[in-house]
Amino acid sequence: MPEAIRNIGVLTSGGDAPGMNACIRAVVRSASRLRIGVFGIERGFQGLIDRSIRPLGDADVWSIGGLGGSILASSRSDRFRTPEGRKEAAAFLRSREIDGLVAIGGDGTFTGARLLEDETGIRVMGCTGTIDNDLAGTESTIGFDTAVNTALDAIDRIHDTAAAMQRLFFVEVMGRHAGDIAIYSGVAGAADVVLYPEDRTHTLDTICEYVNREMSRGHRTILIVVAEGDELGGAEYMKNEVSRRTGVPAWATVLGHIQRGGKPTARDRIIATLSGEAAVEALAEGKSRMMVGVRGLSPVLVPFDEALLATHRVPEAMLRLVRRAAKGG
Ligand code: F6P
């Protein structure tokens, strides 16, 4: 029989993602069903160092499922990156009889969570809160679907003005190292070209050739989606360089943090709920050191080691689609 869990802590860490609140809600509700107390830890791991926590009950999370951001706030904690910081965090958790932790975040969060468990024995489960969708072992991360739909809405609007004015537009979407937001929003938004870090076929030359070819055929409206992490450079750089080389005037829009906020989509709320429930149930069953991923509508438990070591890959079918959908691909 696993040792009974008295209390758990829940925190959100790293870049916030829509659906984090739905996940917090699921953690609190599942824990209360299992008669486990819950403390909300403020500003991610930093809250453990600052001793900034508050009890969370069903009434506190009743209406938060549809809210963007995180009611607990989030941060990237430098102090927690040190062994001393993690020791302080563990001592504080023990002093409050908190036996387990649910950490909602991305790969940085899980790296910290794994170290905390290895060095101090505090049991941790991870839920995938990041818009980037850059984690292996899950079909999608909490926040990704909302970010894609936000980007798509902006792309559709830019399409309208680009078509009306017959302009060349570069639209930059987020994704530090991963092209998922660019690929999904670019395919759905019928972009002419999608530039993303996993693809090394495009160069400034191929883009300029494409623009010249389209212009010579009388296609004056071109929309190119650029992932923030693309090796060629961002939308602003591409606009300047392509304009300078081709003589075709261009416009750039950087969507930035609007992709992080807003109401989570139904899909993000659902996977957040599945993940939060599965994380608490796993802790109650004595499991830990794992991330909750999703396959369809089922949660899957993936050891942190696997999730952090494996490289996230965009599904092959999606890569084929983006190459075909994009005329310049
Ligand atoms: O990881 C999520 C993300 O939004 C990335 O897409 C982006 O590169 C980064 O966070 C931005 O971080 P910050 O909000 O700290 O500037």
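The values are calculated or read from the model by the stated rules, or taken from the named source; none is laboratory data. Remember, it's a predicted structure, so these values are computed and weren't measured experimentally. All Cβ positions, even for glycine, are placed from backbone atoms using ideal geometry, and neighbour counts span all protein chains on display.
Take Ala26 and decide whether it is modelled with pLDDT under 95 and more than 16 Å from the ligand (Cβ to nearest atom).
No: the conditions fail for Ala26.
From Asp118, Asp78, Asp50, which residue is within 16 Å of the ligand (Cβ to nearest atom), among the acidic types (Asp, Glu) and either farther than 19 Å from Thr273 by Cα or within 17 Å of the chain's Cα centre (by Cα) (or both)? Outline the logic, then answer.
Numbers: Asp118 fails: within 16 Å of the ligand (Cβ to nearest atom); Asp50 fails: within 16 Å of the ligand (Cβ to nearest atom).
Within the list Asp118, Asp78, Asp50, the selection yields Asp78.
Just give me the residues in the range 77-95 being surrounded by 18 or more Cβ atoms within 10 Å (Cβ to Cβ) and within 30 Å of Pro18 (Cβ to Cβ), in sequence order.
Answer for the range 77-95, where residues must be surrounded by 18 or more Cβ atoms within 10 Å (Cβ to Cβ) and within 30 Å of Pro18 (Cβ to Cβ): Ser77, Phe80, Gly85, Arg86, Ala89, Phe92, Leu93.
Could we say that Val102 is crowded, with 17+ Cβ neighbours inside 10 Å and under 18 Å from the mean Cα position of the chain (by Cα) here?
Numbers: crowded, with 17+ Cβ neighbours inside 10 Å: yes; under 18 Å from the mean Cα position of the chain (by Cα): yes.
So Val102 passes the test.
Need the failing condition index for Asp160 against (1) buried (at least 18 other Cβ atoms within 10 Å of the Cβ); (2) assigned to a helix (DSSP H, G or I), just the number.
Looking at each condition in turn, Asp160 falls short on (1).
Answer yes or no: is there a residue in the range 198-214 that is within 16 Å of the ligand (Cβ to nearest atom), on the phi > 0 side of the Ramachandran plot and out of contact with any Leu (no Cβ under 7 Å at 6 or more places or on another chain).
Looking for residues that are within 16 Å of the ligand (Cβ to nearest atom), on the phi > 0 side of the Ramachandran plot and out of contact with any Leu (no Cβ under 7 Å at 6 or more places or on another chain), one finds none in the range 198-214, hence no.
Of the residues that make up the range 266-276, is at least one within 14 Å of the chain's Cα centre (by Cα), among the hydrophobic types (A, V, I, L, M, F, W, C) and surrounded by 20 or more Cβ atoms within 10 Å (Cβ to Cβ)?
yes
Where in the range 1-74 are there strands (runs of 3 or more DSSP E), lying wholly inside it, with at least 3 residues that are closer than 26 Å to Arg86 by Cβ and either among the acidic types (Asp, Glu) or out of contact with any Asp or Glu (no Cβ under 8 Å at 6 or more places or on another chain) (or both)?
Numbers: elements: 7-12, 37-41, 53-55.
It comes to 7-12, 37-41.
When residues of the range 40-83 are filtered for being in contact with a strand residue (DSSP E or B) (Cβ under 8 Å, 6 or more places away or on another chain), polar (S, T, N, Q) and either modelled with pLDDT under 95 or within 20 Å of Arg96 (Cα to Cα) (or both), how many remain?
1
Tell me the residue from Val248, Val242 that is buried (at least 18 other Cβ atoms within 10 Å of the Cβ) and either among the hydroxyl-bearing types (Ser, Thr, Tyr) or more than 20 Å from the chain's Cα centre (by Cα) (or both), please.
Selected residue: Val242, the only one of Val248, Val242 that is buried (at least 18 other Cβ atoms within 10 Å of the Cβ) and either among the hydroxyl-bearing types (Ser, Thr, Tyr) or more than 20 Å from the chain's Cα centre (by Cα) (or both).
Identify all residues within the range 202-231 that are without any contact (Cβ under 8 Å) to a residue 40 or more places away in the chain and either under 16 Å from Val322 (Cα atoms) or in a loop (DSSP other than H, G, I, E, B) (or both); write none if there are none.
Thr203, Arg217, Gly218, His219, Glu231
In the range 239-259, which residue that is closer than 14 Å to Asn212 by Cα and outside any helix (DSSP H, G or I) is farthest from the ligand (Cβ to nearest atom)?
Gly247
Sort through Ala310, Ala284 and tell me the only one that's crowded, with 16+ Cβ neighbours inside 10 Å, within 30 Å of Val10 (Cα to Cα) and of a type in the set (A, V, I, L, M).
After ruling out the rest, the residue left standing is Ala284.
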